[in-house]
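Readers should treat all values here as calculations from the given coordinates under stated rules, not as data from a laboratory. Here the structure is a predicted model, which is why all the values come from computation and not from measurement. Here Cβ is always computed from backbone atoms with ideal geometry, including for glycine, and neighbour counts include all displayed protein chains.
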Amino acid sequence: MRVQYLYRNPARVRLISCEPMLEPVKLFYATSYVDWVICGGESGNNARPFAWEWARYLHQQCKTAGVAFWMRQGVS
């Protein structure tokens, strides 16, 4: 992830988009700089694998840190 670029951005709202989510994501200290996270898998015939455990883990990190979470889509 390129979260370090968020620190330098003077935006009022910062987000991380984990789309397509192809592996588990650990936010670590990034939750201090992020207002919300978008998560989603791929759809269609050639969609790469997606594990709901990855989304649940990301959601739990956001919930613990008080960061808004949006699950955009799962798998086809």
Folded to 0 to 90 degrees: helix 52-65 orientation relative to the chain principal axis, Cα = 20 degrees
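About the Cα centre, and with charges only on the beta carbon of Lys, Arg (+1) and Asp, Glu (-1), how big is the dipole of the chain? Nearest 20 debye, please. Please list the in-between numbers first.
On the way: 9 positive and 5 negative charges, 52 e Å.
Roughly 260 debye, rounded to the nearest 20.
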How high is the relative contact order of the chain, given as a whole-number percent (alpha carbon pairs under 8 Å, six or more residues apart)?
-> 33 percent
With R₀ set to 30 angstrom, the calculated FRET efficiency between the beta-carbons of Ser43 and Arg8, to the nearest 0.05, is 0.35
Model label zone, Arg72; criterion: amide N under 13 Å from point 7 Å along Cα-to-beta-carbon; scope region 24-61 = 37-43
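How much length, in nm to one decimal, is gained on full extension between Ala65 and Trp52, taken as 0.36 nm per residue of separation minus their Cα-Cα distance? Provide the component values of the computation, followed by the final result.
Numbers: separation 13, 0.36 × 13 = 4.68 nm, distance 2.01 nm.
Contour length minus the Cα-Cα distance gives 2.7 nm.
Counting Lys and Arg as +1 and Asp and Glu as -1, what is the net charge of the other residues whose Cβ lies under 9 Å from the Cβ of Gln73?
On the way: positive: Arg72; negative: Glu19, Glu42.
For residues surrounding Gln73, the net value is -1.
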